[in-house]
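Here the structure is laid out as structure tokens; the discussion comes afterwards.
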Amino acid sequence: MASSSTDGKLTSGSEKVPSRRLSINPLAPLSIRAYRHFWIAGLFSNIGTWMHETGAMWLMTDLRPDPDMVASVRVAMAFPVFCLALPAGVWADRFDRRRWLLGTQSLLLSVGMLMAVITILGWMTPFLLLVLTAVMGVALILNLPAWQALTPELVPAELIPSAIQAGSVSFNLARAVGPALAGLAIANLGVGAAFLFNALSFSGIMLALVLWQPTALPAKSCRAASSFKDDLLLGMRIVATSTFIRSTLIRVVAYTFTASALWSLLSLVATDKLDFRERGLGLCLYLLGAGAVASAAILPWIRQRFSSEQIVFASQLLMAFCLAAIAASSSKAVIIPALLMAGISWMFCLTTLNSTAQVRLPRQFRARGMSAFVMSFSLGMGLGSLVWGALARCIQLGPAFVMAALVSIVLAMATCRLPLGSLVPSDASMS
């Protein structure tokens, strides 16, 4: 079993281990110093990202309070993700992963700082906000596949699912805290302060990267011997020919397509259903994050007793139930528990699917495989947001949520037999 050496360096995070039984302790990965550094730095960076997103939407609302313009902020961030996900995965596999991440984090810091300065000086316009948000989206997708592929290099094989779960806890803690902090910062210091915190939050990850001393880097000779096109096609072939990876990507699209109804229309849930005012969106995000974080304690226990296929299927049905409950009621006593349960569904489903992808992918193709995962996620969320947003305008919010719930059930039934396999890593995936 891999462990940390006495000086805290990761000594065998990727070596094969004799035991292939998954750890049921969700905090076990945090005992490894390298992973702990990245987890803490990632938490602050995630908080900064949520502060940035909240601030950008708030700023666009102030500059041009048009629903389409406000929605375009999220589109500007998501569009580069879909377009550049696969190339970003190839680049992350071809180059030294630590140097690549240092470069992308530097770019994120620079763009965030530029947005903060322009906003503080009062020079921001709607068009400029969309352009800089798109540039931020480019930097994020260049960073994301390499960041996703980093986990199996930080922890031993049997801790990968727990490490991914801990990363999801970080994300959902940030989702619970970030919008609230953004509201305080905006109210007291202005939107520029939220952008500034986000920019500075990337420096923590850069420090963790500098301190990290990996012992086994991918062989450069393999990367140098092939062209970008060959690497791209080979990665796509690996993803397409793996039954488990292909099933994972299909189920990611199926889940996010219907779950996106909640995300894209959450502000309307806050105002129309719950009659919350300025801070309603932040409170709803907090409830989703709180549900996800609370569920992390029981997810290892669930994994020991149910298969990945059963967990994902149940998560899809739970999301359908939450959407139907929100559609049927305007009572806080119904909607607040439904949002908490939706957070549980999100954590169970996407953590399981993410773990499947990372465990099943061979190391030399991991960033490319994770870029396909990110692309599938972006496709489901983007397409779903367009569909449910248009439907809500045509038939109102409640009926749109009912339709999303019904589609969630249909897709759950249609995809329930797609195999995901065990989360116990194989030797091939670690090589």
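Tabulated results
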quantity: Contact order relative to length of region 305-364, as percent, for alpha carbon pairs under 8 angstrom and 6 or more apart; calculated: 43 percent
quantity: Packing rank of 369-376, 334-341, where each peptide gets the mean count of other beta carbons within 10 Å, highest leading; calculated: 369-376, 334-341
quantity: Carbon and sulfur %, accessible surface of region 107-234 computed with the full protein complex present, 1.4 Å; calculated: 75 percent
quantity: For peptides 228-235, 190-197, sequence by mean Cβ density within 10 Å, most packed first; calculated: 190-197, 228-235
quantity: Where GluC sites (Glu not before Pro) in DSSP loops with at most 13 other Cβ within 10 Å are excluded, longest remaining stretch of the chain; calculated: 16-277
quantity: Ratio Rg/Rh, restricted to region 243-375 and using Cα atoms, in which Rh is the Kirkwood radius; calculated: 1.02
quantity: For the chain, built as a Gaussian network whose Cα springs stay under 10 Å, the top-fluctuating residue of Ala390, Ala157, Ala259; calculated: Ala390
quantity: Positive-pole candidate from Leu196, Ala324, Leu59, dipole of the chain, charges at beta carbon; calculated: Ala324
quantity: Theoretical ellipticity at 222 nm over the chain - DSSP helices of four or more residues, -39500 (n - 2.57) apiece, nearest 500; calculated: -26500 deg cm²/dmol
quantity: Surface per residue (accessible, 1.4 Å probe) for the chain, Å²; calculated: 42 Å²
quantity: For the chain, the fraction of alpha-carbon pairs in successive 20 Å shells from zero, as %; calculated: 26, 60, 13, 0
quantity: Peptides ranked, highest mean first, by Cβ atoms within 10 Å: ranges 129-138, 241-250; calculated: 129-138, 241-250
quantity: J(HN,Hα) series, region 86-93, from Karplus relation 6.51 cos²θ - 1.76 cosθ + 1.60, nearest Hz, glycine and proline x; calculated: 5, x, 4, x, 5, 4, 5, 7
quantity: Percent carbon-and-sulfur accessible area, region 239-308, ignoring ligands, DNA and RNA, probe 1.4 Å; calculated: 62 percent
quantity: Dipole magnitude of the chain about its Cα centre (Cβ charges: Lys, Arg +1; Asp, Glu -1), debye to nearest 20; calculated: 880 debye
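The values are calculated or read from the model by the stated rules, or taken from the named source; none is laboratory data. These numbers were taken from a predicted model, which means no experiment stands behind them. Because the Cβ atoms are built from the backbone with ideal geometry, glycine has one as well, and the counts that use them run over all protein chains shown. For accessibility, only protein heavy atoms count, side chains too; no ligands or nucleic acids. Shrake-Rupley method; radii C 1.70, N 1.55, O 1.52, S 1.80 Å.
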